[in-house]
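Here is the structure we will look at, set down as structure tokens.
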Amino acid sequence: MIKKINVEQLTPGMFIHHFNCSWLNHPFLTNSMKIHDEHIIQKIIDYGIREIYIDTDKGYDLYSAPTEDEVRQDIQTEINRIVEPERVNRVAVSVKEEIVKAREIKNKAKETIHSLIEDIKFGKEIKTDQVEQVVDNMIDSIFRNQDALVSLLRIKEKDEYTYMHSVSVGVLMISFGKHLGFDMRLLKEVGIGAILHDVGKAIVPDAILNKEGELTENEFDIIKEHAQHSRKLLEETIGISDTSITMAAQHHERMDGTGYPFALKGDEISYYSKAVAIADVYDAMTSNRCYQDKSLPSEVLKKLYEWSSYHFDRDLVQQFIRCVGIYPVGTLVRLESGLIGVVLQNGEKNLLEPVVRIVYNTKNGGFVRLPYEIDLAQHSSINGEDKIIGYESPDKWNITPEVLL
């Protein structure tokens with residue numbers, strides 16, 4: 001059985017199932033291990049890990065600890081409470097109308113960031129005019145319909161992660177900033193800061209950056225230097241605002257002081273850096289990377305909320321969940337009736353009741369001949385009232401949600 005405990009409750013003989021943090025936020029060569037002595041426990045504490053999951057079938061138990069299923073249920077209940085009363089802003093155009101333009105913006109942004117990274121590797125200056133044009137196009141698309149561009153950017157191959165991650169974080173941050181009520185000037189600054197937050201990785205050797213196996217502690221330290229490299233590169237670039245520079249410098253800082261490079265705490269971290277840190281982790285965990293497969297958005301939102309007890313700003317995490325939606329457009333969901341469909345648009349009154357395009361029926365084990373839409377706010381399913389009971393993996397059903405938007 002998998003249970004969650006505080007690190008202070010760790011004892012030799014327990015088996016760690018998962019460190020409950022990103023693989024790049026701890027120094028161990030694996031995410032699971034048997035605890036043999038107090039030295040390992042102290043090392044875990046020193047790295048700022050606060051809570052972990054243990055496997056009681058492989059090591060000692062702590063009978064009072066909650067199970068993983070109990071923790072997940074409690075978090076889901078809290079998230080549902082966060083989004084339930086949320087009203088959704090109307091969009092200027094539909095996802096279907098915006099998707100073509102969004103695809104063009106995505107491809108142009110990818111080309112721009114790829115060129116920018118290559119220029120940095122050869123010691124050339126960052127072309128800020130090109131970055132500004134990309135951000136302007138993103139802002140325009142998001143104001144027409146943010147879901148089109150956000151859903152498209154969930155598609156990225158492992159070998160293009162470095163470039164597309166920067167683009168995705170830029171889009172997420174602009175969308176987040178719009179949700180938070182930023183004016184146009186500030187939206188542009190946070191968009192630029194988000195797109196350029198990882199430019200320092202151009203200085204990190206590719207052999208380390210793209211390593212598929214475990215990192216050594218020395219390699220781990222080298223990767224962590226990228227935040228400082230980003231700050232320095234942007235400080236040397238004419239036309240980059242202080243807001244953008246600070247975001248790049250602080251996007252790995254954490255509320256409890258366990259981040260890097262300066263171990264800043266709480267209000268020592270800028271508001272915009274706290275926000276981009278959330279977008280950064282969300283995109284990283286919902287993407288395929290050379291050393292880690294992607295997680296479903298629902299699972300990542302739960303982790304962000306769980307980690308907001310220590311690492312992230314709780315209020316901003318709640319706002320981010322409201323912004324992206326508990327069931328983001330383009331994700332695959334299962335309904336209580338056994339139908340499977342793609343979320344087509346958020347509900348106008350409730351994020352828990354989106355419009356879903358039905359494509360598969362698990363009861364008869366076949367694809368729907370003519371996909372049709374259900375507005376869950378109106379309970380118009382052919383089977384009567386219906387509701388979403390969870391996410392489904394597109395790979396499991398061999399469905400590509402984005403082509404169904």
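Since every read-out is calculated from the coordinates, none of them should be taken as a lab result. Given the structure is predicted, the values throughout are model-derived calculations rather than measurements. Cβ atoms come from the backbone with ideal geometry, glycine included; neighbour counts cover every protein chain shown.
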statement: Between Gln76 and Arg185, the two model label points (7 Å from Cα along the beta-carbon direction) sit apart by a distance in nm of 4.6
statement: Simple spin-label estimate for Glu385/Asn350, 7 Å along Cα→Cβ, in nm, reads 0.9
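Based on alpha-carbon atoms only, what is the radius of gyration of the range 46-125 relative to the globular estimate 2.2 N^0.38 Å?
My calculation over the Cα atoms of the range 46-125 gives 2.03.
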query: Just the C-alpha atoms of the range 2-66: what Rg/Rh do they give, with Rh taken as the Kirkwood radius?
result: 0.91
query: Could you work out the helix-only [θ] at 222 nm for the chain, with each DSSP H run of four or more residues adding -39,500 (n - 2.57) and the total divided by the number of residues, to the nearest 500 deg cm²/dmol?
result: -14000 deg cm²/dmol
field: Top of Arg185, Arg369, Arg81 by mean-square fluctuation, Gaussian network on the chain, Cα under 10 Å
entry: Arg369
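Work out, step by step, the length gained on full extension between Lys224 and Asn6: first 0.36 nm times the residue separation, then minus their alpha carbon distance; give nm to one decimal. Walk me through the numbers before you get to the answer.
On the way: separation 218, 0.36 × 218 = 78.48 nm, distance 2.57 nm.
Taking 0.36 nm per residue and subtracting the Cα distance, the gain is 75.9 nm.
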message: Pairs of alpha-carbon atoms within less than 8 angstrom and 6+ residues apart define the contacts here; what relative contact order does the chain have, in percent?
response: 14
task: Would you mind checking the radius of gyration and Dmax of the range 332-404 based on alpha-carbon positions, in Å?
output: 11.2, 32
- request: State the number of lysine pairs found in the range 1-154 whose Cα atoms come within less than 25 Å, restricting to pairs 8 or more positions apart or on distinct chains.
  value: 23
message: Taking only Cα atoms of the chain, what ratio of Rg to Rh do you get with Rh as the Kirkwood inverse-distance radius?
response: 0.97
